[in-house]
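Take a look at the structure below.
Readers should treat all values here as calculations from the given coordinates under stated rules, not as data from a laboratory. Source: prediction; values computed, not measured.
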Amino acid sequence: MNISDEQRDALILSWQKKARAAGKKKRPRNLYVITLDPEVLWRREFRHENPGYIEGMPCVYVGMTIHAPGDRFQQHKLGYRSSKYPRYYGIELALELMDGFDAGALPEEEREAALADWLRRQGVAVWQN
C-alpha cells in the first residue's frame, strides 16, 4: 500500500477516534479472516501451529476488532497495530471462509479462538494472536 506519511497519520488518527467512540458505546467486535500468501508456510512457527494443514487449503490470519474488517485489513497492511503475518503476507479479506461458523452462544472473548479452531479442523492453516 503506497500512501504518504501524512495520509497514513491521518488514517491512524481517524481509526483511533473510531476505536475510542466504539469502546465507549460498548459495540460488539467483528471477527475477520485475511487470506495469506502460501509463502507463509516457509515460516517454521507458522507450520508448527498447523500440523493438520491440508495442502491446497488456504493460509489465513484470524482476528477480532472493534473496527470494520476492511479498515482492520488496511491497518495490518500499513503496520498499525499489526501482526507480522497479515502485514507481510496478507492478500485480501476472506470473510466468506466464515460461512457456516456459528459463534452465537460463545462469549465474545472466545469467538476468535473458536473460529481459528473451526478452520483448522477443515485443514486450513491459521494464525491468530
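Setting aside same-chain residues fewer than 8 positions from LYS18, which aspartates and glutamates have a Cα under 19 Å from its Cα? By straight Cα distance, LYS18 reaches GLU6, ASP9, ASP71. One equal scatterer on each Cα of the stretch 5-127, no solvent, Debye formula: the resulting log10 I(q)/I(0) at q = 0.16 Å⁻¹ is -0.80. For the chain, the relative contact order works out to 34 percent when only alpha carbon pairs closer than 8 Å and six or more residues apart are counted.
Applying 0.36 nm per residue to the separation of GLU55 and ARG121 and subtracting their alpha-carbon distance, the gain on full extension is 22.4 nm.
Of the beta bridges in the chain, as assigned by DSSP with both residues counted there, near 75 percent are antiparallel. Measuring between their Cα centroids, the stretch 5-21 and the stretch 28-76 lie 23 Å from each other.
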